[in-house]
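The numbers here are math on the coordinates, done by the rules we state, and not lab data. What you see is a predicted model; the values in this text were computed from it and never measured. Heads up, the Cβs are rebuilt from the backbone with ideal geometry, glycines too, and the neighbour counts pull from every protein chain shown.
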Amino acid sequence: MSQWLAKVIDRASTVKDSLSPVRQTALATLSEQSWPTRRTEAWRYTSLHEVAELELQQPSANANAEAPVIAGLNSIDLVFVDAQPVTDIAKLTLPAGVSINALNDADSQASRVFNQAKPSHHLFGLVNDVLAQQGLVVDVAAGAQVEQPIRIVNFVTDGVESHHRVLVNVGDNAKVTVIEHGAGNGHSMNTAYAEYVLGKESKLEHYRFAMHGENAIHMGGSHFKMGESSRLNSTIVGYGSRLTRIDTDVIHAAEHAFAKMNCIYLLAPKEHFDLHTTIEHAKPNGTSEENARGIVGDKAKAVFNGRIHIHRDAQKTLAELNNRNLLLSRGGQINTKPELEIYADDVQCAHGATVAEIAEKELYYLQTRGIPRSQALVMLNFGFVQELVNQMPNKALSEWLQPLLRERFSAMETK
């Protein structure tokens with residue numbers, strides 16, 4: 001066990017709130033965990049040396065910040081700094097059928113969702129279980145059709161360790177959009193996990209933007225439990241950093257559920273990004289589509305592990321997984337591992353992965369037309385991820401993201 005994890009366990013023993021019973025279960029599991037090494041399959045390509053001896057201060061409650069302005073979004077904004085709330089929930093005007101409470105509110109009914117969608121094998125998910133005292137519980141009543149997106153922004157600051165949790169319950173026949181946005185610069189460490197429980201015939205449009213600075217350590221995940229005939233459309237956009245690890249799980253817990261997930265990760269030189277996704281088809285007639293595309297800068301390292309698990313009773317399943325990667329130099333590295341584990345015999349499944357270098361002929365062609373090399377790189381990079389950006393249902397978010405991606409591409413160029 002690392003020095004940092006031992007301190008986490010000691011701190012967790014002092015946390016007392018309405019979630020204490022479930023926290024104690026998580027703490028017991030965490031106490032039995034071995035610290036991952038390169039021999040641990042889930043961490044084979046990601047070293048936790050940066051975390052093992054980490055010492056940072058705990059967050060203060062005096063910070064202030066505002067959510068980024070996005071033209072045309074008209075969202076309900078909830079802002080946190082180092083997991084500490086900035087927004088006064090009591091002053092929000094909420095649509096009919098929506099209730100939002102603080103995680104540490106005794107009346108939040110957090111236990112209805114807490115650990116219902118997130119598997120217990122995620123090490124840093126367990127850390128979040130025992131330490132995250134700040135966050136949100138969002139409840140969307142049955143039949144509610146919520147047009148305003150709910151945007152949850154969590155900024156991280158220099159020198160701070162923080163832990164944040166979001167729990168969302170979407171009732172039967174309800175519809176809602178939720179945006180998770182993490183950002184910040186400086187030497188920091190944060191865990192941010194979100195769980196979504198979808199009722200019968202519900203619809204969730206989900207976004208996760210993990211845009212942390214190059215010196216940040218970010219551990220997080222978004223986890224979904226699908227009800228009968230529910231629909232999920234999720235987009236994940238991640239930057240690299242000193243160390244970023246995102247775990248995502250989609251559990252088809254009832255028949256006729258549909259899940260679509262698009263992932264984009266962009267790594268500047270020397271950054272590290274690790275994305276693990278698991279889709280569990282536990283019931284028949286489920287459909288899942290997953291596309292992940294990554295662009296890796298010089299001496300940066302990306303890890304993608306996408307797993308589709310089709311259980312014995314999950315007949316008539318349709319599942320597809322595709323991972324495509326672009327290396328900007330031969331100094332970049334991508335470890336990709338798409339997996340299919342199938343125990344049913346009446347299914348249609350496919351998976352694939354590609355890794356390619358930037359095409360010098362295409363660069364040369366653009367440069368001979370008077371386009372500077374840096375601009376040509378941006379054009380080629382954007383073309384690689386444009387399809388997934390265009391598939392984002394919320395056009396305000398898509399238009400906001402495009403200039404940010406162009407700026408990011410410029411930072412990724414090999415100098």
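At a Förster radius of 41 Å, what calculated FRET efficiency corresponds to the Cβ-Cβ distance of T37 and K200, to the nearest 0.05? It comes out at approximately 0.45. Taking Cα centre as origin and charging only the Cβ of basic (Lys, Arg, +1) and acidic (Asp, Glu, -1) residues, the dipole magnitude of the chain rounds to 740 debye. Amide H to amide H, with H built 1.01 Å from N, G238 comes under 5 Å of A210, I264, Y265, L266, counting only residues 5 or more places away or on other chains. Within the listed set E399, E205, E271, the residue fluctuating most in the Gaussian network model of the chain (springs between alpha-carbon atoms under 10 angstrom) is E399. Taking the DSSP bridge list for the chain and keeping only pairs wholly inside it, about 5 percent are antiparallel. Can you give the direction-averaged projected area of the convex hull of the alpha-carbon atoms in the range 70-144, in nm²? The Cα convex hull of the range 70-144, projected and averaged over all directions, gives 6.7 nm².
In µm²/s, what is D for the chain at 10 °C and 1.306 mPa s, where D = kT/(6 pi eta Rh) by Stokes-Einstein and Rh is the Kirkwood radius from Cα pairs? Calculated translational D: 73 µm²/s. Close lysine pairs were tallied over the range 187-275: pairs 8 or more places apart or on different chains with Cα atoms under 23 Å apart number 5. Please list, or write none, the lysines whose alpha carbon is within less than 21 Å of the alpha carbon of K16, excluding same-chain residues fewer than 8 places away. Partners found: K7.
When the expected Rg is taken as 2.2 N^0.38 Å, what fraction or multiple of it is the alpha-carbon Rg of the range 162-222? All intermediate terms of the calculation are to be shown ahead of the outcome.
Values: Rg = 13.9 Å, N = 61, 2.2 N^0.38 = 10.5 Å.
Here the Cα radius of gyration is 1.32 times the empirical estimate.
Taking P119, P36, P68 in turn, the Gaussian network model of the chain (Cα-Cα springs below 10 Å) assigns the largest fluctuation to P68.
Amide H contacts of H121: none lie under 5 Å away among residues 5 or more positions distant or on a separate chain (H built 1.01 Å from N in the peptide plane; Pro and chain starts excluded).
Could you give me the ³J(HN,Hα) list for the range 323-335, computed from phi with Karplus coefficients 6.51, -1.76, 1.60 and θ = phi - 60°, whole Hz, x at Gly and Pro? Listing the rounded values in order: 10, 10, 9, 10, 9, 7, 7, 6, x, x, 9, 9, 10 Hz.
In summary, the aspartates and glutamates within cross-link reach of K316, defined as a Cα separation below 12 angstrom excluding same-chain residues under 8 places away, comprise E255, D345, D346. Comparing Y365, Y207, Y265 in a Gaussian network model of the chain (Cα springs below 10 Å), the most mobile by mean-square fluctuation is Y365. Taking amide H as placed 1.01 Å from N in the peptide plane, the amide H of A259 sits under 5 Å from that of L232, T287, S288, E289, each at least 5 places away or on another chain.
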